[in-house]
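Note sheet for the following structure.
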Amino acid sequence: MKTQSFALLLVALLVNVAKAEGAPPDAPARGVTAGPAAIPRAEVRGAKVHARDILGASAPDVELGPTPPIGASRIVERDEIERAFAAAGVTPPKKIPAAVRVSRRSRRLTAAEVTDAIRSALAGARLPRGASLANVRASAVEVPAELQRVTVDFPVLPRRAGKATAQATVTFLDEDGAALHKALTPIELVLPPEAAFAEIPRGAPITLVIRRGLVEVSVAGVAAVDSDVGATLPITIKPSGRVLRGRAIDKDHAVALEGS
């Protein structure tokens, strides 16, 4: 009896092994799918994608469209590359990948690095209303890798003495002076006593520079309102009495606005 039971058990085991060997491979777990092969990536400097960024330095310099913003990516497919070569009248290379995921190369500036860049930009510059720099409250920022320098633009400051915080516009530039990124940055200033008064009082004489193409004409006028350097103000032209708007570039000169 024991011999018969053992034989039946052995047969059952052999059947199970045979089923296991002939079974199809396990299906993936629910919610998990086998993805396609990974798409190769390319990091690009500059605002435009070029064939050399994807195909190597020996490839012709054919433009393939805009670079995506920082943090985003764009897939450039083979047919798009071939169309760009055809439009440029250039023979495409024989080996072109099916697709490439393109992103913009960037660098992360710490708050301290942004502060140093702002201080360097303001070093030796005359601040609005004779203010002196007290503190820069910069934040870390991600910018394109081709960053070279920054510029700082202040809003119109209040007419008062003492401490003031200005929301300055910091523009990050490349080597050609093209804007890469802009950020508002709080900058603490100390305004001198004379800042409580208008830099250009009403009735003060001011020369208005009018530019039309290659022609430049300077006419005498007076400030129609209290104003400050860097601000826009109405200027009464002598002796006609006509009023034009201009931006004060210093206490004695203003540049006429287009259409005024």
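Values in this text are rule-based calculations from the coordinates and carry no lab data. Because the structure is a prediction, the values reported are computed rather than measured. In this analysis, Cβ positions are derived from the backbone assuming ideal geometry, glycine residues included, and neighbour counts consider all displayed protein chains.
For ILE206, nonlocal amide neighbours, meaning residues 5 or more places apart or on other chains whose placed amide H falls under 5 Å from its own, are GLY221, VAL222, ALA223.
Put in order of Cβ neighbour count within 10 Å, fewest first, the listed residues VAL44, VAL143 become VAL143, VAL44.
Residues considered: PRO192, PRO69, PRO93. Largest GNM mean-square fluctuation over the chain, using C-alpha springs under 10 Å, is found at PRO93. Rounded to the nearest 500, the helix-only mean residue ellipticity at 222 nm of the chain stands at -6000 deg cm²/dmol, with each DSSP H run of n ≥ 4 adding -39,500 (n - 2.57). Working from Cα pairs under 8 Å separated by at least six residues, relative contact order for the chain is 11 percent. Seen from LEU191, the other residues with C-beta closer than 14 Å to its C-beta sum to a net charge of +1, counting Lys and Arg as +1 and Asp and Glu as -1. Angle check, please: helix 111-122 long axis (alpha carbons) against the longest principal axis of the chain (alpha carbons), in degrees 0 to 90, nearest 10. Long axis of 111-122 versus the principal axis of the chain: about 30 degrees. Counting lysine pairs in the chain that sit 8 or more residues apart in sequence, or on different chains, and whose Cα atoms lie under 24 Å apart gives 5.
One Cα centroid belongs to region 116-144, the other to region 186-260; the line between them spans 26 Å. Helix 2-22 and the longest principal axis of the C-alpha atoms of the chain enclose an angle of approximately 40°.
In order along region 231-237, the phi-based Karplus estimate (6.51 cos²θ - 1.76 cosθ + 1.60, θ = phi - 60°) of 3J(HN,Hα) comes to 8, 9, 8, x, 10, 8, 7 Hz; Gly and Pro are listed as x.
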